[in-house]
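The values are calculated or read from the model by the stated rules, or taken from the named source; none is laboratory data. Model, not experiment: these values are computed from the prediction. Neighbour counts run over all protein chains shown; Cβ positions are idealised from the backbone, glycine included. In case anyone asks, the SASA skips ligands and DNA or RNA and just uses the protein heavy atoms, side chains included. Shrake-Rupley method; radii C 1.70, N 1.55, O 1.52, S 1.80 Å.
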Amino acid sequence: MRQKTTRQQLRERFRQAAQSRGFTLTVYLVLRALVIFCMIRQFLQENYNYVMLCVFSLIVMAVPSFLRGRFRIYLPDALEVSIYIFVFAAEILGEIGNFYGYIPFWDTMLHTANGFLAASIGFNLVELLNTRTKRLNMTPLFVAIVSFCFSMTVGVMWEFVEFSADQLFYLDMQKDEIVTTIGSVSLNPEPKNDPVVVQDIAYTVLYDADGNELAVVEGGYLDIGIVDTMEDLFVNLVGALVFSVFGWFYLHKKQGKDSIVHYFIISMGSREERAADALTEHTPESDAPPDGTP
């Protein structure tokens, strides 16, 4: 009777997993189809840089399947769906659809989400080492700190990518901001480290070497991306800090499914191993057979 009950519980767990995977697969197929449609459209319009962006998006979306097939690393549905939506929102809607221009908070929202998701990945990397080897016994606080630092490193590396793209190809990935007050030591006529503050800038006129007017910046002075970069890093910090705090509570208080972190935990192993772990986690101790009971 006990064996039959165990099989029933395993079957129920598989059924629930299949339903959950069905939703994840639907999201993946729909977004992948939209990316392919966008790629074909951009190709017909001869926007080849956007075509490559679509190819990059398809490659990133295939990473969870690659991890499952190659390394038996299984991303939870919440994390996997979040990655799909994030890639689509950042590359297709943000870059190609110009949501960064149409919606002022779009970039801020995505960088906040990036901080949260990157922290979850860093958390998983450390926790997998912590649980799969007897030589390591890292405290919850240490795991949370590493998770936070991993997320901030990812954020900084991405800003390096944006800066390099702007310097080499003038793509303006670090979006310019209009400011009305600046302070710069370069404006000081004397060789001193004292900044000259210029306030109430109404507009800026740009000239070439021959004195020809190139452009007029209405409303102030162009800061060439530093404000955008620091805003991105700050909201990345917020997202990373939120997940790291939740991660610390998850490990320290042993919250289990009561915490949002539970739905972002990566698992490894075969389907049978993961099902057995899930069954052990959800089977009450009182239902466990006594020693020696078949």
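Report the trypsin sites (Lys or Arg not before Pro) located in the stretch 95-151 that are in a DSSP loop and have at most 10 other Cβ atoms inside 10 Å of their Cβ, or state none.
Here the sparse-neighbourhood loop sites are Lys134, Arg135.
I'd like the FRET efficiency for Gln167 and Val63, computed as 1/(1 + (r/R0)^6) with the beta carbon distance as r and R0 of 30 Å, rounded to 0.05.
Efficiency at R0 = 30 Å is approximately 0.60.
Give me the percent of accessible area attributable to carbon and sulfur for the stretch 121-195, probe 1.4 angstrom.
65
Once you place label points 7 Å from the Cα toward the Cβ at Val217 and Glu190, how far apart are they in nm?
Output for this residue pair reads 2.8 nm.
Given the options Val81, Val35, Val216, which has the most mean-square fluctuation in a GNM of the chain, springs set between C-alpha atoms less than 10 angstrom apart?
Checking each option, the largest mean-square fluctuation is seen for Val216.
In the stretch 42-132, which chymotrypsin sites (Phe, Trp or Tyr not before Pro) are in a loop and have at most 11 other Cβ atoms within 10 Å, using DSSP for the loop call?
Counting only loop positions with at most 11 other Cβ atoms within 10 Å, the chymotrypsin sites (Phe, Trp or Tyr not before Pro) in the stretch 42-132 are Phe105.
At 1.4 Å probe size, with every protein chain present, just tell me what the per residue accessible area of the chain comes to in Å².
Each residue of the chain exposes 64 Å² on average to a 1.4 Å probe.
Looking only at the chain, where both bridge partners belong to it, what percent of the DSSP beta bridges are antiparallel (to the nearest 5)?
Of all bridge pairs located within the chain, approximately 100 percent are antiparallel.
Would you please name the chymotrypsin sites (Phe, Trp or Tyr not before Pro) within the stretch 143-227 that are DSSP coil residues with at most 15 other C-beta atoms within 10 Å of their C-beta?
Here the sparse-neighbourhood loop sites are Tyr170.
If you rank His262, His252, His111 by how much accessible surface each has, with a 1.4 Å probe, what is the order from largest down?
His252, His262, His111
Calculate, in nm to one decimal, what Val30 and Ile178 gain on full extension: separation in residues at 0.36 nm each, minus their alpha carbon distance.
Taking Val30 through Ile178 to full extension adds about 49.4 nm, to one decimal.
Report, to two decimal places, the Cα Rg of the chain normalised by 2.2 N^0.38 Å (N = number of residues).
Ratio of Rg to 2.2 N^0.38 Å for the chain: 1.33.
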